[in-house]
Amino acid sequence: MAVLIFFIVHWFGSLFFQTFFLHRYGAHGMFKMSKFWERVFYIGTYIFQGSSFLNPRAYAIMHRMHHAFSDTERDPHSPKYFKSVFGLMWKTKNVYLDLINNKIRPGENFAKNIPGWSKFEEFGNGWAHRILWGAGYTAFYVFFATQWWMFFLLPVHFLMGPIHGSIVNWMGHKYGYRNFKDTDDNSKNTLLIDLLTMGELFQNNHHKYPSRTNFAVKFFEFDPTYPIIKLLSWLGIIQLTTSNKH
């Protein structure tokens, strides 16, 4: 039971910081927050992503490139050009590392107004920290796993952030329905899986309205992250900057 609880907390904790902080805040600027709260969420992202910590600056630039070049050869992660999700993950990894190492020089529009904490990003990107996180996950399973099959969950912890991103970009551009058929891409809404990705699989809605805080549009759709955003806004932790009108 302890292993399953740990897996669920890690899955949804990592996912929340990816969709809330890296995606909706870093890449799209859907809301503002003070420098204090920005650094709180930086640290939260590091803690919950652990060994798969994603640099907020590189993530934001890569995601903006995805919107600008969606499902073209310049898209960092379109399933259109890969036979399997593993090929997509490898391409995404290479683009991400090139951004971190400044081998890609994005235009001004891709790099402006992105949160930054360079010293902490260097800290989080260090391989020593990634190995220590991985060792911690392994030790937890050694002590608390009660069934052999539970160890098959362990590799997911090591690559939690990239796995989430690959699920969203693979499924969200291959499977599901389209509310808006006039987008210049293959984005789709994968409704039944969406709750497991906290709203991220409303890809067609998001590509149609990339600044819309609530990724759900139709009456039968639900974006689990949006009520949390509204609560944080009500508490004064964030200030919304975008509208949910079409």
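The values are calculated or read from the model by the stated rules, or taken from the named source; none is laboratory data. The shown structure was predicted, so the numbers you read here are calculated from the model rather than taken from an experiment. We place every Cβ from the backbone using ideal geometry, glycine too, and count neighbours over all the protein chains shown.
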So which helices (runs of 4 or more DSSP H) stay within segment 145-246 end to end and still have 2 or more residues that are at pLDDT below 95 and surrounded by fewer than 22 Cβ atoms within 10 Å (Cβ to Cβ)?
160-171, 191-194
Counting only residues that are part of a helix (DSSP H, G or I), of a type in the set (A, V, I, L, M) and in contact (Cβ under 8 Å) with a residue 12 or more places away in the chain, segment 112-131 contains a total of 1
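Residue-by-condition table, conditions (1) basic (Lys, Arg); (2) closer than 19 Å to Tyr59 by Cβ:
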| position | (1), (2) |
| --- | --- |
| Lys103 | yes, yes |
| Asn109 | no, yes |
| Gly126 | no, yes |
| Phe152 | no, no |
| Tyr175 | no, no |
| Phe180 | no, no |
